[in-house]
Amino acid sequence: MQWGTLVATLGGGLIAIAGTVLADRLRTRQEHRRGLQARRRDVYTEFIAAAGAAHTELRRLAQSGAEAIDLEEASRLALTDARIYEVRERLFLDASVRIAGTGQTMFERLRALRRTVAAGADISTPAFHDIYHPYLDAVWAYRDAVRNELEGHALTPTDFGWSAWDGRERCPHCGQRSRTDTASEQR
């Protein structure tokens, strides 16, 4: 038996095995990345949807607060029923650091809105809008961060013809309030 043939055969076998292992490892890594990306997309969407459901209920309570027997309890239920706490925990598990941070800011602003509604602020009061517009700004910051991560292209307020995300310029209550403030200052 010739040693050269044996060494060449063993070397070829080792190269084939190494190539197979490397290809398998790369495929596994790529599948893991795709799975993480899919989980992130799902939880990012679920988080914004849960926040939206809670936000809608809080606005409803602020519009008809006098009819609610216990605004504290009703406003707490708005967040609980929307499952925002549960989804937030999943967000912390799968989200990138940037998305987790913007999500937490949005969550904190939503809780501040909840406290304002629980205190009895009507939807047309300055107390409501002083908290509401920073919440809207945080929602758009979250959307922007998610789009930037998933798509690589973020939105800007000017894409919608706006000057800012917080919505004050389009708010009939804040617009009326600023006109009243300006008229008072001119006197």
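The values are calculated or read from the model by the stated rules, or taken from the named source; none is laboratory data. Just so it is clear, the structure is predicted and the values come from calculations on it, not from any experiment. When we count neighbours, we look across all protein chains shown, and the Cβ atoms used for this are built from the backbone with ideal geometry, even at glycine. Areas reflect the complete protein model, heavy atoms only, side chains present, ligands, DNA and RNA absent. Shrake-Rupley method; radii C 1.70, N 1.55, O 1.52, S 1.80 Å.
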For the range 46-110, inverting the pair-averaged 1/r of distinct alpha-carbon atoms gives a Kirkwood value in Å of 12.3 Å
Counting only protein heavy atoms and leaving out ligands, DNA and RNA, the solvent-accessible surface of GLU86 at a 1.4 Å probe, in Å² to the nearest 10, equals 100 Å²
For LEU10, LEU77, LEU61, the accessible-area ranking with a 1.4 Å probe, largest leading, is LEU10, LEU77, LEU61
For the pair TRP162 and SER96, the simple spin-label estimate (label points 7 Å beyond Cα toward Cβ) gives in nm 2.3 nm
Heavy-atom accessible area of TYR85, protein chains in place, probe 1.4 angstrom, given in Å² to nearest 10, is 90 Å²
Taking 0.36 nm per residue of separation between ALA127 and LEU14 and subtracting their Cα-Cα distance, the length gained on full extension comes to 33.4 nm
